[in-house]
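Any read-out appearing in this document is the output of simple, stated calculations on the displayed coordinates, not a laboratory observation. This is a predicted model, so every value here is computed, not measured. All Cβ positions, glycine included, derive from the backbone under ideal geometry; neighbour counts span all protein chains shown.
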Amino acid sequence: MVFPILNLSQAFSKLSNVIMKDLYQLEAEAPILRQTIELYKEFCVYLQEKLGLLIDASAKFEVLKMLFRVARDLKMLDNKKYLSLETRIQEIGKMLGGWMRSLNLKTA
């Protein structure tokens, strides 16, 4: 049996309206639901702000890595000190990247 698309569309629209009406009624009767929704919205905003700060930190970190390479190339840092710094820099980069990925997964 084939249903016209218009009838399915209308049925979906009616169902959507009923669900939304029930949700609004539930929200009015259960304030904890409204508070939970507001808390979730605040959490999402917090994650976006935190991600923004991490993106800024990552950009500054990339500049710092470049400055260390320039210092090594200009012989301001000997290879031993540079290798020690490079190991720490790689660790910090991995941590920053991990934090950013975890926030991207949470906000996606």
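The HN-Hα couplings worked out from phi for the stretch 68-79 by the Karplus form 6.51 cos²θ - 1.76 cosθ + 1.60 (θ = phi - 60°) are 5, 5, 5, 4, 5, 5, 8, 6, 7, 10, 6, 4 Hz, whole numbers, x standing for Gly and Pro. Amide H contacts for Leu77 (H built 1.01 Å from N in the peptide plane; partners 5 or more residues away or on another chain; cut-off under 5 Å): Arg72. With a Förster radius of 25 Å applied to the C-beta separation of Lys75 and Ser102, the computed FRET efficiency comes to 0.05.
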